[in-house]
1. Taking R0 as 30 Å, what FRET efficiency do you get between residue 143 and residue 69 from their Cβ-Cβ distance, rounded to the nearest 0.05?
2. I'd like the FRET efficiency for residue 187 and residue 18, computed as 1/(1 + (r/R0)^6) with the beta carbon distance as r and R0 of 22 Å, rounded to 0.05.
3. Test of understanding: ordering 19, 137 by Cβ neighbours within 10 Å, fewest first, what list do you get?
4. So, in Å, what gap is there between the alpha-carbon centers of segment 1-48 and segment 113-134?
5. Once you have the Cα-Cα distance between residue 25 and residue 106, take 0.36 nm times their residue separation minus that, and quote the gain in nm to one decimal.
6. P(r) of the chain in 10 Å steps, Cα pairs, percent per bin?
7. Compute the orientation-averaged projected area for segment 83-187 from the convex hull of its Cα atoms and round it to one decimal in nm².
8. Could you check the simple spin-label distance between residue 217 and residue 90, using points 7 Å along Cα→Cβ, in nm with one decimal?
Ligand code: FPP
């Protein structure tokens with residue numbers, strides 16, 4: 001029987017805006033409180049021996065939000081990345097960011113490089129910030145990359161396994177568990193290729209209220225799931 005602790009947990013963090021609105025606050029307060037939830041889940045993931053924790057922080061579609069909110073989110077992510085370097089080091093955790101990085105500012109990319117380099121020796125949990133990312137964009141960029149690198153014959157004989165090597169998540173196991181908060185029940189153009197056999201967990205809890213206890217409830221639910229990958233067991 002496979003291990004009941006997932007190797008890779010991924011999260012679509014949703015509901016920050018509604019959490020703030022319920023309190024008569026600006027949406028950005030919701031995002032700020034959301035960073036605390038990221039910290040809480042990261043702590044739990046390190047304690048529980050989860051190898052990868054990926055979080056959907058900003059989608060390609062999120063660029064269409066009001067400029068002020070986009071800028072606020074960018075500033076918040078830059079601040080959080082800088083502030084968390086010591087926490088990552090204390091926990092032997094490492095950090096990477098994946099997505100359409102060319103759309104992000106020079107400062108954003110520099111900050112990503114700073115925290116990625118500083119934490120590269122981390123042997124425990126790897127936190128993956130999915131930023132300026134969308135699943136369809138990823139599949140398309142993978143196809144273009146493969147077409148540019150391979151001969152026509154090799155391109156035409158690509159297997160499903162080989163194709164994964166061209167996605168931005170190359171080398172990272174597919175998510176075992178995908179959590180989405182705030183009651184929305186959809187994938188929203190997230191890791192479309194990588195979630196083919198991922199267990200899905202939806203909860204009504206808004207992201208700023210999703211902390212260690214709620215993360216562990218999701219893990220407990222996962223451990224009860226029977227993963228058959230289309231086979232009979
Ligand atoms: C969804 O809530 C949340 C986001 C779009 C962004 C969340 C990003 C963070 C918390 C930053 C984390 C970054 C680091 C580096 C730790 P929403 O605005 O869609 O909420 P709504 O559906 O209620 O409007």
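1. E between residue 143 and residue 69, to the nearest 0.05, is 0.40.
2. That pair, residue 187 with residue 18, gives E of 0.65.
3. Sorted ascending by nearby Cβ count, the order is 137, 19.
4. If we compute the Cα centre of each part, the gap is 17 Å.
5. Net length gain for the segment: 26.1 nm.
6. Per 10 Å bin, starting at zero, the Cα-Cα P(r) for the chain comes out as 7, 31, 38, 19, 5, 0 percent.
7. That works out to 8.9 nm², a quarter of the Cα hull's surface.
8. 2.7
All of the numbers you see were taken from the coordinates with simple rules; none came from a lab. Remember, predicted model here, so these are calculated numbers, not experimental data. All Cβ positions, glycine included, derive from the backbone under ideal geometry; neighbour counts span all protein chains shown.
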